């Protein structure tokens with residue numbers, strides 16, 4: 001059961017930040033889609049919904065996504081559908097159902113660093129950067145690798161590019177959480193290969209990326225890159241699947257994503 005003692009609608013980012021820093025047990029709320037999955041007591045809940053952080057916009061060389069933007073908006077927004085073959089839109093399309101996707105925000109998903117996240121995998125492949133109120137810009141990769149920050153995520157910034165992308169996942173059913181997911185992007189001859197739900201946080205398959213950057217993309221190199229990714233990354237067990245199963249399907253998913261990119265080119 002979710003219990004909240006004090007609920008605050010922040011009137012500014014600075015007010016929200018001050019409460020977060022000074023009041024013990026204060027928590028920033030996203031869409032609360034995942035908070036309700038388990039029991040938790042929150043002393044002070046800080047609601048950001050009045051701060052105009054729900055947007056997808058093009059600014060110069062980037063696309064900016066406000067922290068309060070829903071996953072459903074990312075699924076349907078034209079700017080996101082056109083970005084790298086729609087890899088980010090495709091990554092959220094099978095998350096539970098439209099009702100949940102309308103409620104869950106990208107800021108809550110990213111700030112929560114959920115290891116089962118689909119969009120985090122896609123955002124890493126897009127080399128996303130996070131902008132925090134106090135800490136400023138932090139790459140998503142560094143944020144996931146670190147211990148986190150006690151701050152407010154304001155927006156996610158994705159560099160615009162003419163890259164191609166693909167997203168693949170395995171699920172027990174269409175709207176279930178992924179057992180394993182992968183996102184691939186290709187800009188010119190530079191590749192990004194990200195694997196998530198291992199069940200650890202999304203991670204780069206660096207050896208596979210380097211192999212493709214050196215040898216280029218063919219049917220044979222896609223097969224080898226999949227094998228390298230499966231050998232390089234660590235996989236664990238949870239109720240959705242074993243580590244051995246995840247390793248076995250990793251090579252297939254990476255190969256499929258790379259072949260999708262190759263065919264799109």
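The values are calculated or read from the model by the stated rules, or taken from the named source; none is laboratory data. Keep in mind that what you see is a predicted model, and the values were worked out from it rather than measured. Cβ: placed from backbone, ideal geometry, glycine included. Neighbour counts: every protein chain shown.
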Problem set entry | Index of the failed condition, residue 102 passing every other in (1) in contact with a strand residue (DSSP E or B) (Cβ under 6 Å, 6 or more places away or on another chain); (2) closer than 26 Å to residue 238 by Cβ; (3) surrounded by fewer than 16 Cβ atoms within 10 Å (Cβ to Cβ) | (2)
Problem set entry | Only one of 204, 242, 251 that is outside the structural domain of residue 87 (by TED's automatic domain parsing), in contact with a helix residue (DSSP H, G or I) (Cβ under 6 Å, 6 or more places away or on another chain) and surrounded by fewer than 24 Cβ atoms within 10 Å (Cβ to Cβ) | 251
For this session: Would you be able to say whether some residue in region 69-91 is under 23 Å from residue 190 (Cβ atoms) and outside any helix (DSSP H, G or I)?
Result: yes
Exercise. Before we move on, is residue 228 surrounded by 14 or more Cβ atoms within 10 Å (Cβ to Cβ), part of a helix (DSSP H, G or I) and touching a strand residue (DSSP E or B) at 6+ places or on another chain (Cβ under 6 Å)?
Worked result: no
For this session: Return yes or no: is residue 127 surrounded by fewer than 21 Cβ atoms within 10 Å (Cβ to Cβ), modelled with pLDDT of 90 or more and over 19 Å from residue 203 (Cα atoms)?
Result: no
For this session: Could you tell me which of the residues 96, 110 is in a loop (DSSP other than H, G, I, E, B) and either buried (at least 17 other Cβ atoms within 10 Å of the Cβ) or assigned by TED's automatic domain parsing to the domain that holds residue 126 (or both)?
Result: 96
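Rundown of residues vs (1) at pLDDT 90 or above; (2) buried (at least 18 other Cβ atoms within 10 Å of the Cβ); (3) touching a strand residue (DSSP E or B) at 6+ places or on another chain (Cβ under 9 Å); (4) not in a loop (DSSP other than H, G, I, E, B), yes/no style:
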{"position": "11", "(1), (2), (3), (4)": "yes, no, no, no"}
{"position": "18", "(1), (2), (3), (4)": "yes, no, no, yes"}
{"position": "32", "(1), (2), (3), (4)": "no, no, yes, no"}
{"position": "36", "(1), (2), (3), (4)": "no, no, yes, yes"}
{"position": "41", "(1), (2), (3), (4)": "no, no, yes, yes"}
{"position": "52", "(1), (2), (3), (4)": "yes, no, yes, no"}
{"position": "57", "(1), (2), (3), (4)": "yes, no, yes, yes"}
Seminar exercise, completed: The residue from 63, 46, 28 that alone is modelled with pLDDT of 95 or more and either in a strand (DSSP E or B) or surrounded by 19 or more Cβ atoms within 10 Å (Cβ to Cβ) (or both) is 63
Problem set entry | Residues within region 140-178 that are under 22 Å from residue 20 (Cα atoms) and touching a strand residue (DSSP E or B) at 6+ places or on another chain (Cβ under 9 Å), tallied | 11
For this session: Go through (1) under 17 Å from residue 255 (Cβ atoms); (2) surrounded by fewer than 19 Cβ atoms within 10 Å (Cβ to Cβ) and name the single condition residue 161 misses.
Result: (1)
For this session: For residue 166, state whether it is in contact (Cβ under 8 Å) with a residue 24 or more places away in the chain, in contact with a helix residue (DSSP H, G or I) (Cβ under 7 Å, 6 or more places away or on another chain) and surrounded by 14 or more Cβ atoms within 10 Å (Cβ to Cβ).
Result: yes
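Residue-wise test of (1) farther than 25 Å from residue 145 by Cα; (2) modelled with pLDDT under 95; (3) out of contact with any helix residue (DSSP H, G or I) (no Cβ under 6 Å at 6 or more places or on another chain).
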site	(1), (2), (3)
77	yes, no, yes
80	yes, no, no
89	no, no, no
94	yes, yes, yes
101	yes, yes, no
104	no, yes, no
107	no, yes, yes
111	no, yes, yes
114	no, yes, yes
For this session: Answer yes or no as to whether residue 122 is in contact with a strand residue (DSSP E or B) (Cβ under 6 Å, 6 or more places away or on another chain) and at pLDDT below 95.
Result: no
